[in-house]
Amino acid sequence: AHLAALVLARGGSKGIPLKNIKLLAGVPLIGWVLRAASDAGVFHSIWVSTDHDEIEKVAKQFGAQVHRRSPEVSQDSSTSLEAIREFLNHHHEVDIVGNIQATSPCLHPSDLIKVADLIQKEGFDSVFSVVRRHQFRWSEVKKGDNKMTEPQNLNPAKRYRRQDWPGELYENGSFYFAKRHLIEKGYLQGGKMAYYEMRAEHSVDIDIDIDWPIAEQRVLSFGYFGKEPLKEVKLLVCSIDGCLTNGRIYVTEDRKEMVSYDYRDVVGIDLLKKRGIQVRLISERDCSKTLSAMQLGCIAKVSATNKLQVLEDWQKDMALSWKEVAYLGNEESDVECLKKAGMSGVPADACALAQKAAGYICKSNGGCGAVREFAEHIFLLLEKVNSARKQ
C-alpha cells in the first residue's frame, strides 16, 4: 500500500503571515516536520499541498513534492478534509494518507514509524495523535445565567493528586493517518480506529504569535535535529566575505580597500573562544591586510580556491568528526562545506543554494550580527548536548 505523507500549508494565515515558512530556531516551520517525515523512512512519497509560491520553494528545498491546491480548497473556510480529498483525486496511486500538521515542530521520526506500523501491519483504518493532560474541567456558565458551575471530571471534596490520577487523552493535532476509502467517505477518523499517545514535551502546536518564543525553546530542548546525535562543537569555520563582513568592498582613490564589520560579531567570536571553540576564517580573496587590521586572533586561509579542501584539511588536522565542526557560509562556493559540517548556518541574505544547504538561517544579514547570532545558536544546541549527557 502506498503511504504518502501530506502536509497542508496554505499561504493565507490570519494569525501569523506565511506562518508555515517563518523561521523557528533557524529552520522554516514546515522544515521540522518534513525532516522528521523524510528520516522516518516509512513513506513512499512526501507531499506539501499549498497555494503559495514561497511555500512551494521551501517544500522543495526539504525534498518534498508539491501539490498545488485549487482556490476552492484554499479559503479561510476550507477544511483539511477537503484539501486531502482533492489531493487524492489527483494521486490515485496513494492508498493511505499521513496528514502531518505543519505547526508541530517537535514531531520525531520514531512516532511516525510506530504509527505506520499500526496502520500497515496491525490493520487499523485510522490513527491519530493524542497527548495526556492532567487538567480539571468545569462546566461553562454563560454571562447572565443564574447557574452555578459544575465539576466535569473531578470531585472537589476529594481532588486527585497528579500522581494518583492517570489524566485524560486529548487530540493534539500533530497527525491524522487514514486509509483512502475512509477519506473518500468523508472521514479522517473512522473504521478500526487507534490513538497514538505522544510525549507531552513533543506536543507543540503554534497557533498564535505569542507561542513563537516558547516554541523555539521547546524545539531546542526536544526537537528532532537529524539521524545522528548532536556532538559538542569544537571548531567554527566562518566565511569572511558576506558573513563576517557584508560583502561590500570600498575602494579609495589611492586604490586601498576598506570593509566594515559589526562589533557584535567580534564579541561572538570571543565568546566562542572562551567556550573552548576554535574559530577559523576563510576567504576566496586575499584579504590578509584586512584581517590583520581587525586583530581577531584567528587562523585564516585567504585566496582559497577550494574551500572544501581547506575545511577537510583542518578537520583532519584537529582529528575532529564532522559533527564537531560548524560552518557559516553564504555563497555557492560554501555549499559543499555547509553540507559536510555537523552544524551549518547562513546569514539571512545568503544565496538560495546556500540557504537550501544550511541547517540554520540567521535573522541577521552578513556583517550585521550574523556571526554573533550563529554563536548563540551553537550555545543553545550545546545546552541540548549537555542535557542529553546528564540524562
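General remarks:
- Number of the exception - Lys121 against (1) farther than 23 Å from His181 by Cβ; (2) open to solvent by 40 Å² or more (accessible area, probe 1.4 Å): (1)
- Scanning the range 275-295 for residues that are of a type in the set (Gly, Ala, Ser) and open to solvent by less than 40 Å² (accessible area, probe 1.4 Å) gives a single hit, Ser283.
- Taking the listed residues Asp262, Asp313, Asp317, the one that is farther than 19 Å from Leu381 by Cβ, acidic (Asp, Glu) and either in contact (Cβ under 8 Å) with a residue 40 or more places away in the chain or open to solvent by less than 40 Å² (accessible area, probe 1.4 Å) (or both) is Asp262, with no other qualifying.
- Leading residue by the ranking (farthest from Met198 (Cα to Cα)) among those in the range 129-179 that are open to solvent by less than 90 Å² (accessible area, probe 1.4 Å) and of a type in the set (Ser, Thr, Tyr): Thr149
- Of all the listed residues (Cys298, Cys337), the sole one being in contact with a strand residue (DSSP E or B) (Cβ under 7 Å, 6 or more places away or on another chain) and open to solvent by less than 10 Å² (accessible area, probe 1.4 Å) is Cys337.
- If you filter the range 356-372 down to residues that are assigned to a helix (DSSP H, G or I) and open to solvent by 30 Å² or more (accessible area, probe 1.4 Å), you find that the one that is farthest from Arg275 (Cα to Cα) is Lys356.
- When the residues of the range 180-201 are filtered to those that are within 24 Å of Gln135 (Cα to Cα) and among the hydrophobic types (A, V, I, L, M, F, W, C), the one that is surrounded by the most Cβ atoms within 10 Å (Cβ to Cβ) is Met198.
- Hits in the range 230-247 (condition: open to solvent by less than 20 Å² (accessible area, probe 1.4 Å) and more than 18 Å from Glu373 (Cα to Cα)): none
- Taking the criterion of being at pLDDT 85 or above and either basic (Lys, Arg) or open to solvent by less than 60 Å² (accessible area, probe 1.4 Å) (or both), the residues of the range 219-229 that qualify are Val219, Gly223, Tyr224.
- Comparison of Leu112, Leu88 shows that the only residue that is within 22 Å of Val131 (Cα to Cα), crowded, with 16+ Cβ neighbours inside 10 Å and of a type outside the set (Lys, Arg) is Leu112.
- Yes/no for Ser13 being modelled with pLDDT under 90 and open to solvent by 30 Å² or more (accessible area, probe 1.4 Å): yes
- Contact map, the range 132-149: residues that are in contact (Cβ under 8 Å) with a residue 60 or more places away in the chain paired with residues that are open to solvent by 90 Å² or more (accessible area, probe 1.4 Å), Cβ distance under 6 Å, separation 6+ or inter-chain. No pairs are found.
- Odd one out for Leu353, checked against (1) within 17 Å of Ile240 (Cβ to Cβ); (2) outside any loop (DSSP other than H, G, I, E, B); (3) open to solvent by 40 Å² or more (accessible area, probe 1.4 Å): (1)
- Elements of type strands (runs of 3 or more DSSP E) in the range 234-326, at least 1 residues being polar (S, T, N, Q) and on the phi < 0 side of the Ramachandran plot: 235-239, 278-282
- The set of residues in the range 302-334 being at pLDDT 95 or above, hydrophobic (A, V, I, L, M, F, W, C) and under 15 Å from Gly242 (Cβ atoms) consists of Leu328 alone.
- Hits in the range 1-37 - residues which are basic (Lys, Arg) and assigned to a loop (DSSP other than H, G, I, E, B): Arg10, Lys14, Lys22
The values are calculated or read from the model by the stated rules, or taken from the named source; none is laboratory data. Quick caveat: nothing in here was measured; it's all calculated off a predicted structure. Backbone-built Cβ (ideal geometry, glycine too); neighbour counts: all protein chains shown. SASA here: full protein model, heavy atoms, side chains in, ligands and nucleic acids out. Shrake-Rupley method; radii C 1.70, N 1.55, O 1.52, S 1.80 Å.
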